[in-house]
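Take a look at the structure below.
The values are calculated or read from the model by the stated rules, or taken from the named source; none is laboratory data. Given the structure is predicted, the values throughout are model-derived calculations rather than measurements. With ideal geometry, Cβ positions are generated from the backbone for all residues, glycine too; neighbour counts draw on all protein chains shown. With ligands, DNA and RNA removed, areas are computed over all heavy atoms of the protein, side chains included. Shrake-Rupley method; radii C 1.70, N 1.55, O 1.52, S 1.80 Å.
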Amino acid sequence: MLHSLVWLIPLLPLLAAGWIGLCMVAGWHAGEQGERSVSRVALIAVLVPFLLLLLLDIDALVGTVPGQLLFGRWISSGEYLVHISFSLDALGLSMASLVALICLVTLIFSINYMHREVGFQRFFMILSLFSGAMLLIVLAGNAVLAFIGWELAGVSSYLLIGYAFERKTAVLNATRAFVTNRIGDTGFMLGIALCFYWLGSVEWPQIAIFNVEVEPFSRGLIALGFLVAALAKSAQIPFSPWIARALEGPTPSSSVFYGSLMVHAGVYLVIRLEPLFSQVPVLLILIGLLGLVTALYAWLVGLVQTDIKSSLIFSTTAQVGLMFVECGLGWFDLAAWHLGLHAVWRSYQFLHAPALLQMVSGAARPAPAWLRDKPRLYGVVLQRFWLDQIADWLLARPTNSLAQDLQDFDQRVLTRMVGLPDQSGSLNSLASWEAQQQNPSDADSAASRGRGMAGRLMEWLASLLYWFEEHLVLKGAGEGLRQAIDLIGGYLKRAEDLLSQPRYLLLLIMITFVVII
């Protein structure tokens, strides 16, 4: 009976995120008065899965581990078939229980920490979304279902890094993290596509089982795709720079995302695919080497940090690097234990950091003397081996330049060709909306002017129709029709103003995810 309810575990937090988002759109439970109801829904949506997981753990201890559970077909197209399946083995159950516990503690901590914050409801919506995403990653029975959780976790990370979106630094750091993780997502999708092509299945047990008909080179490519995803999500070399930039979000998000849970998702993926990686010794060597290099890099850079959150994040990166070393040596069980213990301890440290800052009044500990005695090495470490600049040059700047080029093309070519008013003075839709709210007459007059041949034609046609309406239709029908049209027009104008508000972007995002899932 309990096993048949496992699908509720990741679904409840996702439903809570949807409900909170709906409240934000509709204006329900807003402000300080709505904090209690919003936080209560978020807590219940994580508490119930945690209790259900405890019952499943007890049932597994006294009985047998359920293993792989199928709940029917999800996608079926020709030879491609994806089931709704969940892995209730020892790894899945233990990781899911750990995720639910840390998310629950973080939500409880956040109630007082985020009290009276303007984005209180938005924070709890994103944190609920992340909780459901992480539970889906660790419980998914196949790569496609895990990828859905993988992407939802990435979107949640992006939104919380840019939580203070009015600050340019937060937005830029969110972009850095988002672009870097897209490389890992490409590797994940490559692994899924190759599994369909060579193995005919994306279920974790089928991927892990050795198939003599599949060449070692093919299995190596499949494992390499998933390895790229794991390295990017866990911020291993060469993808390390993004995680230090991700601390722009509130402290609870730093704890649950980069201190305890999401940073370990890559390690979990490698442990989940242990049988596959064990068949490719070259990749095991690569995993161990990259983990060792990352651990050394993070240890050295952590020695020169002067704030507590940066020190903790580089310590986290070093520990995760050691987990990859353990996987590279074939010690997957040790890596799993290391992951669980480190997640609990690091979560406590991040959540305790604000209180620690109040307790400590002295200056930060200086770098070790042996490092300061080596000026060249000290300078390199202070620059973080220039990995941040390299990542910006290769990833962030090209992405921003491409976005700017597309915006310029839209403003200077498409807008003028169609005849719409020039919007180049607005930084984004939010700025445009705020400008319209402050000066509605200017916005209306700008909207009524056309540009280009098409714009002038539409302006002439609009004037002709307005004359026809004013002199023939309205005068012929009387004042009653005019009043009715004015009334309907007023309602439509109010509806248009409501739909133009930026909060409806959240609704569109949620609808998009519902359609995808």
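Here is how the numbers come out for the structure above:
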read-out: Sulfur and carbon atoms: percent of accessible area, the range 1-99 [1.4 Å]; value: 68 percent
read-out: Charge context of T169, other residues only, Cβ under 14 angstrom, K/R +1, D/E -1; value: 0
read-out: Sequence of R167, R116, R346, R384 when ordered by accessible area, the most exposed leading, probe 1.4 angstrom; value: R116, R167, R384, R346
read-out: Amide H contacts of Q68 (H built 1.01 Å from N, under 5 Å, at least 5 apart or other chain); value: L88
read-out: Computed over the range 249-393: relative contact order in percent, which uses C-alpha pairs under 8 Å that are six or more apart; value: 31 percent
read-out: Environment charge at A143 (Cβ cut-off 11 Å; Lys +1, Arg +1, Asp -1, Glu -1); value: 0
read-out: Exposure ranking of D392, D59 by accessible area [1.4 Å probe, largest first]; value: D59, D392
read-out: Distance between the range 141-156 and the range 215-291 - C-alpha centres, whole angstrom; value: 14 Å
read-out: From the C-alpha gyration tensor of the range 122-201, square roots of 5λ in Å; value: 28, 16, 5
read-out: Å² per residue, accessible surface of the range 299-362 at 1.4 Å; value: 48 Å²
